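A.B. asks: Starting off with a structure, shown below.
The values are calculated or read from the model by the stated rules, or taken from the named source; none is laboratory data. Keep in mind that what you see is a predicted model, and the values were worked out from it rather than measured. Don't worry about glycine lacking a Cβ; one is built from the backbone with ideal geometry, like all the others, and counts go over all protein chains shown.
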């Protein structure tokens, strides 16, 4: 039964706080667009009317980490940039999630080089790895939906006592 | 707008509560509006508080540090700008005003001079003299010495 039909017939609905909080969290995932290179173009494309990331409640790309829940690392991360990425991740409020967008970010990609980090999971707790070079916008939306599924399974106070991930800062 | 809000609240609340016929009393008519206002305040407060209840607070020094696009924050917020800058600002205003006023004046000069005569020329001359006084001042202060 739909929400409106139920409201008409019974006049009220019941739910758990966990469900409501999870619902609110998963439908308002605000991304931090960490657009470092070409993947960022596809990330921008996912915000346009054709793909419309706003359908998932994530159109508010915030350029300050203080208001973000989701970090989309889009692009090749060099060792020099890794400090910046990690610092911005640290400055985001909990709870937070990370998408490693594209081959370079996930594994270094074609840059098997002395200056490129071979996968950002060396210094960030990655939730979703996104295949593609660069991934299509639909692929990014898919990753976002996966994140939403993941958030939907959490309870309201799951993140209260979560220890910070113990990862080496490069 | 108000009537729309009223209708909306009527369908939302009153019909569900089985109240069909509204009383003629003014204050009673506005009860749904007060309901909506109360609900709005309650909702706003509840949402603001709930983030404090359900969201984890784990402040670290890193998290509380100033955001400078991921760089280490350098220097203070109250950066001082050299007083020399006022000379640049003066030059900007002088030339800006000159261009803004002289350009249309020059375009229409022939026609105006034919119609009115020398006052067209003299008034602009006075304007320029006033401007040039400022220019001279900035020049004497060393405004063109860049290093």
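A.B. asks: Looking only at segment A:6-42, which residues are at the interface with another protein chain (Cβ under 10 Å from one of its Cβ atoms), more than 20 Å from residue A:152 (Cα to Cα) and at pLDDT 85 or above?
C.D. replies: A:34
A.B. asks: Then there's this: Give me the pairs: first residue in segment B:64-89 and within 14 Å of another protein chain (Cβ to nearest Cβ), second residue surrounded by 10 or more Cβ atoms within 10 Å (Cβ to Cβ) and modelled with pLDDT under 85, beta-carbon distance under 7 Å, and six or more apart or on different chains, which are they?
C.D. replies: B:65/B:73; B:66/B:73
A.B. asks: For the structure I just gave you, tell me whether residue A:130 is crowded, with 23+ Cβ neighbours inside 10 Å, in contact with a helix residue (DSSP H, G or I) (Cβ under 7 Å, 6 or more places away or on another chain) and more than 26 Å from residue B:68 (Cα to Cα). Explain how you work it out, then say what you get.
C.D. replies: Details: crowded, with 23+ Cβ neighbours inside 10 Å: yes; in contact with a helix residue (DSSP H, G or I) (Cβ under 7 Å, 6 or more places away or on another chain): yes; more than 26 Å from residue B:68 (Cα to Cα): yes.
Considered against the rule, which asks whether it is crowded, with 23+ Cβ neighbours inside 10 Å, in contact with a helix residue (DSSP H, G or I) (Cβ under 7 Å, 6 or more places away or on another chain) and more than 26 Å from residue B:68 (Cα to Cα), residue A:130 comes out as yes.
A.B. asks: Look at segment A:74-84 and say how many of its residues are at the interface with another protein chain (Cβ under 7 Å from one of its Cβ atoms) and within 17 Å of the chain's Cα centre (by Cα).
C.D. replies: If we filter segment A:74-84 for residues that are at the interface with another protein chain (Cβ under 7 Å from one of its Cβ atoms), which is where we start, we get A:84.
From what is left, the residues that are within 17 Å of the chain's Cα centre (by Cα) are none.
Qualifying residue count for the region: 0.
A.B. asks: Same structure again: Would you mention how many residues in segment A:85-105 are surrounded by fewer than 23 Cβ atoms within 10 Å (Cβ to Cβ) and more than 14 Å from every other protein chain (Cβ to nearest Cβ)?
C.D. replies: The qualifying residues number 1.
A.B. asks: Filter segment B:51-86 down to the residues that are closer than 30 Å to residue B:142 by Cα and outside any loop (DSSP other than H, G, I, E, B) and list them by number.
C.D. replies: B:85, B:86
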